[in-house]
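Novice: First, the structure itself, so that you have it in front of you.
The values are calculated or read from the model by the stated rules, or taken from the named source; none is laboratory data. It should be emphasised that the depicted structure is a prediction, and the values quoted were computed from it without experimental measurement. A quick note on method: Cβ atoms are made from the backbone with ideal geometry, for glycine too, and the neighbour counts reach across all protein chains shown. Quick note on the areas: whole protein, heavy atoms, side chains included, nothing else; ligands and nucleic acids left out. Shrake-Rupley method; radii C 1.70, N 1.55, O 1.52, S 1.80 Å.
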Amino acid sequence: MPLYEHVFLARQDISAQQVDGLLQSFRSILEERGGQVGKTEYWGLKSLAYRIKKNRKAHYALMNIDAPSEAVTELERQERLSTDIIRFLTVRVDEHETGLSPMMRRAERDEREGRGERDRDGRRGSRRDFRDRDRDHGPREARDDTEAQSGDITEGEEDSR
């Protein structure tokens with residue numbers, strides 16, 4: 001049977017437990033039609049790049065599916081009918097990833113680095129000092145000299161304007 005990765009976005013108004021319920025109902029739809037669901041991941045409530053059906057955030061979930069195409073077609077039909085599903089995407093793959101998905105690896109990395117927490121000023125993540133940027137990209141004076149050599153404005157012309 002073909003292998004698929006299926007991601008869906010659920011409305012921000014529902015809870016994480018309701019998203020788990022949706023995952024279970026979608027799993028039963030696939031299993032009734034001879035398919036299997038290998039791995040499911042709940043990625044959490046995340047901001048959308050733009051508003052979709054008046055939602056600014058959505059619950060993201062992933063399913064690794066091993067099912068005939070008719071079962072996937074029925075799953076997508078049920079998701080179109082559901083008012084809780086905003087968007088979905090099914091992609092056929094050659095093989096499923098065995099470990100965590102890139103989204104879950106990123107979430108773990110962010111937790112380790114403390115990016116998910118706020119600092120004492122209420123800002124998120126670690127902020128690099130400008131001195132660190134200059135250390136990485138060379139001294140600021142050297143970068144300003146190259147801009148001045150571009151010929152736009154010379155020193156004598158600055159005073160005349």
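Novice: Listed residues 39, 46; which is assigned to a strand (DSSP E or B) and surrounded by 15 or more Cβ atoms within 10 Å (Cβ to Cβ)? Let's see the steps before the verdict.
Specialist: On the way: 46 fails: surrounded by 15 or more Cβ atoms within 10 Å (Cβ to Cβ).
Every option except 39 fails the conditions.
Novice: Can you work out which of the residues in segment 85-111 that are within 17 Å of the chain's Cα centre (by Cα) and small (Gly, Ala, Ser) is least open to solvent (accessible area, probe 1.4 Å)?
Specialist: Out of the qualifying residues, it is 101.
Novice: Another question, if that's okay. Regarding residue 35, is this residue without any contact (Cβ under 8 Å) to a residue 40 or more places away in the chain and out of contact with any strand residue (DSSP E or B) (no Cβ under 7 Å at 6 or more places or on another chain)?
Specialist: On the way: without any contact (Cβ under 8 Å) to a residue 40 or more places away in the chain: yes; out of contact with any strand residue (DSSP E or B) (no Cβ under 7 Å at 6 or more places or on another chain): no.
So residue 35 fails the test.
Novice: May I ask you to list pairs of residues, at least six apart or on different chains, whose Cβ atoms are under 9 Å apart, with the first in segment 9-25 being more than 12 Å from residue 86 (Cα to Cα) and the second being open to solvent by 80 Å² or more (accessible area, probe 1.4 Å) and in a helix (DSSP H, G or I)?
Specialist: Partner pairs satisfying both residue conditions: none exist.
Novice: Provide a single number: the residues in segment 61-75 that are touching an Asp or Glu at 6+ places or on another chain (Cβ under 9 Å) and either part of a loop (DSSP other than H, G, I, E, B) or under 23 Å from residue 104 (Cα atoms) (or both).
Specialist: 6
Novice: Continuing with the same structure: Out of all the residues in segment 57-79, which are in contact with a strand residue (DSSP E or B) (Cβ under 6 Å, 6 or more places away or on another chain) and surrounded by fewer than 14 Cβ atoms within 10 Å (Cβ to Cβ)?
Specialist: Selection gives nothing.
Here is a yes/no grid of residues against (1) within 18 Å of residue 42 (Cα to Cα); (2) assigned to a loop (DSSP other than H, G, I, E, B); (3) at pLDDT 80 or above:
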| position | (1), (2), (3) |
| --- | --- |
| 78 | no, no, yes |
| 83 | no, yes, yes |
| 86 | yes, no, yes |
| 89 | yes, no, yes |
| 100 | yes, yes, no |
| 112 | no, no, yes |
| 115 | no, yes, no |
| 120 | no, yes, no |
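Novice: Let me ask another. (1) closer than 16 Å to residue 5 by Cβ; (2) surrounded by 15 or more Cβ atoms within 10 Å (Cβ to Cβ); (3) among the polar types (S, T, N, Q): which one isn't true of residue 82, the others all being true?
Specialist: (1)
Novice: Hey, another quick one. Which is without any contact (Cβ under 8 Å) to a residue 60 or more places away in the chain, in contact with a helix residue (DSSP H, G or I) (Cβ under 8 Å, 6 or more places away or on another chain) and among the aliphatic types (A, V, I, L, M), of 48, 81, 62? If you could, list the steps in order and put the result at the bottom.
Specialist: Details: 48 fails: in contact with a helix residue (DSSP H, G or I) (Cβ under 8 Å, 6 or more places away or on another chain); 81 fails: in contact with a helix residue (DSSP H, G or I) (Cβ under 8 Å, 6 or more places away or on another chain).
Testing whether each residue is without any contact (Cβ under 8 Å) to a residue 60 or more places away in the chain, in contact with a helix residue (DSSP H, G or I) (Cβ under 8 Å, 6 or more places away or on another chain) and among the aliphatic types (A, V, I, L, M) leaves just 62.
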